[in-house]
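Participant: Below is the structure I would like to discuss, written out as structure tokens.
The values are calculated or read from the model by the stated rules, or taken from the named source; none is laboratory data. Since this is a predicted model, take the numbers as computed values, not measurements. Because the Cβ atoms are built from the backbone with ideal geometry, glycine has one as well, and the counts that use them run over all protein chains shown.
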Amino acid sequence: MSKKYSYIWPTIIAAALALGIFVGGKLHFNDTPEKLFTTNSKKDKLNRLIDYIDYEYVDEINTDSIVDVTVNNILEKLDPHSVYIPKQEMSKVSENMKGDFVGIGVNFYSYRDTISVIRTIDKGPSFLKGIKAGDRILMADNDTLYGRNLPSDRIVEKLRGKKGTNVQLKVYRKAEERVFTVDVKRDIVPIKSVQAYYMLTPDMGYMKVNRFAESTFKEFKEALKELSRRGAKKLTLDLRDNPGGYLGIAEQMADEFLEEGKLILFTKNKKGRIDKIYATDNGSFEDKPVFVLINERSASASEIIAGALQDNDIGTIVGRRSFGKGLVQREMELGDGSAVRLTVSRYYTPTGRSIQKTYKNGTKDYYKKFTDRYHNGELVSVDSIKVADSLRFTTPNGKVVYGGGGIIPDVFVPIGTNEEEAVESMDSLGFLSFFIFEHLDEDRRRYADWTEERFVSDFRVDDILFEQFVDYSISRNLKMNFYDFEDRIKLYLKAALGEQLFGPNVHAKIKAAADAMLQEVLELDRPTIRQGDAEKIESQN
């Protein structure tokens, strides 16, 4: 059955049919060129042209590539989010949206021409066989996995396979200076959507969701249940940088916060058909304070949740204006392993607003509008956001909201300085992580006695490690005022170190102290925090 996407990667049925398969006995090479264009079928015209090129053109041509270009050109004329997914990319795309794959369960770098384990997936196949961070995987069965220019897809191919199959790994453990072999049984390995969750305050949980895949709602429910068990009566839901995913998953998550009968959203297709989605009686976090964090890269399904809560006067939306994707896609197979995602409807928030940015001037202009936000001041000041009075809507409680180009938050938090954002980029792009991996690889035993709790509360990055990072950055042509941002860099180094030692929850927990949006949430919630609790939170961070 076709699946609806609020992701923005759509496609076109006409292209799927037009680029179909009229070969063999369907060919009529006796036709004149003029007759080719007298057909009453537009798709026949494209098919015949491709066939003529395939069979008659003077040089050998890869007609598959011509088809790909043709499909992409057609889709570009529709909207920026209708897309073609080539056969060779389908498995990766499907895997990412499914939320798991079959493998051995390790995160690794190709470090100095060798697969080096960063972390094993907790309770995954490699974890259960005793593989540790820092181990080098030299061989899989009889295949060598080290050496220069070893393609990453070959590495993945050798480590993944069918569930239940064995792979014999030859492993070098640097800390013990020994080589050993171990048989690992491949199993399902989750691709986590809930990136991190922990208690932000004694009664407020924090949860970071990075996309909306098939497994996301289950992960969300498990994390919410655990946070509630720890005493969470409030929630900060972090949807920053979340590009979206399945529409249905966003509907289920929004339902957790809304009372039965509340409108979550409605969709409208080209024929004018309207489908309304209402909250059910299944919500487990109704009538409880919720803060939703969004930024300029929060899109699609993220905006559905933010819009549903905002328009129903539930919770507080904190951050910056979201991306502005208000289209719904459906994936359609093309019969050869490839597929298209075609926009089939628009979605509207409960008040009736569409948050889709205009794309009437083409894809290039569409994405330029996103980068324009960096130059027109709206990431620094809410007063710089341009709104149209014709797109003004009112919530049941009288709050004014606007359509056209994203969700404007209830509480605005400006973007950081260029240097602050540079430090954030060093973290998000893996620069800090790679430095920390090399640092740990020198001697992991120096951190053997640290517990997670004591690391979060007591560990401090010393000047020696900071200076090593400065030298490391300069040697890679990275220039900034390192010493002006020493405290922030040290905090981020601690977070990267904590992630490789203990996992993503520790990374998120440590970074909270330098997170302007989370600090705004704490300030908004401060009237309900006892002084002793506030001091405890600040000391932990």
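Participant: Could you say whether any residue in the stretch 465-475 is more than 25 Å from the chain's Cα centre (by Cα), small (Gly, Ala, Ser) and under 14 Å from Ser433 (Cα atoms)?
Facilitator: Yes: the stretch 465-475 contains one or more residues that are more than 25 Å from the chain's Cα centre (by Cα), small (Gly, Ala, Ser) and under 14 Å from Ser433 (Cα atoms).
Yes/no per residue for (1) of a type outside the set (D, E, K, R); (2) within 26 Å of Glu523 (Cα to Cα); (3) free of Cβ contacts under 8 Å to residues at least 60 places away in the same chain:
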| site | (1), (2), (3) |
| --- | --- |
| Lys369 | no, no, yes |
| Ser381 | yes, yes, yes |
| Ala388 | yes, no, yes |
| Tyr402 | yes, yes, yes |
| Ile415 | yes, yes, no |
| Asn418 | yes, yes, yes |
| Met426 | yes, no, no |
| Asp449 | no, no, yes |
| Phe455 | yes, yes, yes |
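Participant: More than 22 Å from the chain's Cα centre (by Cα) and either under 25 Å from Arg320 (Cα atoms) or without any contact (Cβ under 8 Å) to a residue 40 or more places away in the chain (or both): which single residue out of Lys271, Lys262 fits that description?
Facilitator: Just a single option satisfies the conditions, and that option is Lys271.
Participant: Another question, if that's okay. Looking at Gly352, Gly319 in this structure, which one is outside the structural domain of Glu523 (by TED's automatic domain parsing), at pLDDT 95 or above and within 28 Å of Asp525 (Cα to Cα)?
Facilitator: Gly319
Participant: Here is a list: Lys368, Lys360. Which entry is outside any loop (DSSP other than H, G, I, E, B), out of contact with any Phe, Trp or Tyr (no Cβ under 8 Å at 6 or more places or on another chain) and over 14 Å from Leu309 (Cα atoms)?
Facilitator: Exactly one residue qualifies, and that residue is Lys368.
Participant: Restricting attention to the stretch 145-180, which residues are under 28 Å from Arg445 (Cα atoms), among the small types (Gly, Ala, Ser) and surrounded by 12 or more Cβ atoms within 10 Å (Cβ to Cβ)?
Facilitator: The answer is Ala175, and nothing else.
Participant: Next up: Would the stretch 419-434 turn up any residue that is aromatic (Phe, Trp, Tyr), touching a helix residue (DSSP H, G or I) at 6+ places or on another chain (Cβ under 6 Å), surrounded by 13 or more Cβ atoms within 10 Å (Cβ to Cβ) and modelled with pLDDT of 95 or more?
Facilitator: No, the stretch 419-434 contains no residue that is aromatic (Phe, Trp, Tyr), touching a helix residue (DSSP H, G or I) at 6+ places or on another chain (Cβ under 6 Å), surrounded by 13 or more Cβ atoms within 10 Å (Cβ to Cβ) and modelled with pLDDT of 95 or more.
Participant: Can you name the residue in the stretch 102-113 that is at pLDDT 90 or above and surrounded by 16 or more Cβ atoms within 10 Å (Cβ to Cβ) and is also farthest from Tyr146 (Cα to Cα) among such residues?
Facilitator: Here the residue is Val102.
Participant: Looking for something modelled with pLDDT of 85 or more, farther than 28 Å from Val328 by Cα and either of a type outside the set (S, T, N, Q) or in the same structural domain as Asp365 (by TED's automatic domain parsing) (or both) - is there at least one such residue anywhere in the stretch 65-83?
Facilitator: Looking through the stretch 65-83, none of the residues is modelled with pLDDT of 85 or more, farther than 28 Å from Val328 by Cα and either of a type outside the set (S, T, N, Q) or in the same structural domain as Asp365 (by TED's automatic domain parsing) (or both).
Participant: Also, I was wondering about something else. Does Ser298 satisfy the criteria of being buried (at least 24 other Cβ atoms within 10 Å of the Cβ), touching a helix residue (DSSP H, G or I) at 6+ places or on another chain (Cβ under 6 Å) and in a loop (DSSP other than H, G, I, E, B)?
Facilitator: For Ser298, the condition - buried (at least 24 other Cβ atoms within 10 Å of the Cβ), touching a helix residue (DSSP H, G or I) at 6+ places or on another chain (Cβ under 6 Å) and in a loop (DSSP other than H, G, I, E, B) - is not met.
Participant: Only one of these conditions is not met by Arg460: (1) part of a helix (DSSP H, G or I); (2) among the charged types (D, E, K, R); (3) free of Cβ contacts under 8 Å to residues at least 60 places away in the same chain; (4) within 26 Å of Ala175 (Cβ to Cβ). Which number is it?
Facilitator: (1)
Participant: Can you tell me which residue within the stretch 370-403, out of those that are surrounded by fewer than 16 Cβ atoms within 10 Å (Cβ to Cβ) and among the charged types (D, E, K, R), is farthest from the chain's Cα centre (by Cα)?
Facilitator: Asp389
Participant: Then there's this: Is it fair to say Gly406 is of a type in the set (Gly, Ala, Ser) and either on the phi < 0 side of the Ramachandran plot or within 25 Å of the chain's Cα centre (by Cα) (or both)?
Facilitator: It is true that Gly406 is of a type in the set (Gly, Ala, Ser) and either on the phi < 0 side of the Ramachandran plot or within 25 Å of the chain's Cα centre (by Cα) (or both).
Participant: Which strands (runs of 3 or more DSSP E) does the stretch 201-275 wholly contain that include 2 or more residues that are among the aromatic types (Phe, Trp, Tyr) and at pLDDT below 95?
Facilitator: none
Participant: Select, from Gly352, Gly307, the only residue that is touching a residue at least 12 places away in the same chain (Cβ under 8 Å), in a loop (DSSP other than H, G, I, E, B) and of a type outside the set (Lys, Arg).
Facilitator: Gly352
Participant: If you don't mind, another one. Give the residues of the stretch 477-494 that are surrounded by fewer than 12 Cβ atoms within 10 Å (Cβ to Cβ) and either touching a residue at least 24 places away in the same chain (Cβ under 8 Å) or of a type in the set (Gly, Ala, Ser) (or both), sorted by residue number.
Facilitator: Asn481, Asp484
Participant: Any idea which residue in the stretch 181-193 is farthest from the chain's Cα centre (by Cα), counting only those that are part of a strand (DSSP E or B) and surrounded by fewer than 22 Cβ atoms within 10 Å (Cβ to Cβ)?
Facilitator: Among those that are part of a strand (DSSP E or B) and surrounded by fewer than 22 Cβ atoms within 10 Å (Cβ to Cβ), it is Thr181.
Participant: Give the residues of the stretch 209-229 that are touching a Gly at 6+ places or on another chain (Cβ under 7 Å) and of a type in the set (D, E, K, R), sorted by residue number.
Facilitator: Scanning the stretch 209-229 gives Arg211, Glu214.
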